[in-house]
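To start, the structure under review is shown below, and the notes come after it.
Throughout, read-outs are computed from the coordinates displayed, never taken from laboratory work. No experiment lies behind these values; they were computed from the predicted model shown. Note that each Cβ is placed from the backbone with ideal geometry, even for glycine, and that neighbours are counted across all protein chains shown.
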Amino acid sequence: MPLAIKDLRLALAEAERAAVPTPAASLVNDRLVGMATWGWADLDWSALGLLAAVDAGLANRVEAAVARGGFDWKTRFTLFTAFDSALLAVARDRQ
């Protein structure tokens, strides 16, 4: 995730220079930084859904699953879908 964070920061800086709003990119950047805070920087993009689960009060279950070595594909899909729904809601609210 460090490269993704770097790339998003570059894109956000360019958008700011051009005075173009990028609410979705800002949100994804915040979530990637949050992943790093939780120590999940080495996980793939589907881990963005982990933060949605943590925000929903499921931190203990998320930490247990990460400690077991991760999630099966169905759980990853569910978590990513939860993140995607949250991202769309925030983007709608920021318009």
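Taken along the Cα-to-beta-carbon direction at a fixed 7 Å, the label points for A11 and E63 span 3.2 nm.
Applying the Karplus relation 6.51 cos²θ - 1.76 cosθ + 1.60 with θ = phi - 60° to segment 2-12 yields 3J(HN,Hα) values of x, 5, 5, 4, 4, 5, 5, 4, 5, 5, 5 Hz, where x marks Gly and Pro. A straight chain from S85 to A56 at 0.36 nm per residue would run longer than the Cα-Cα distance by 9.2 nm.
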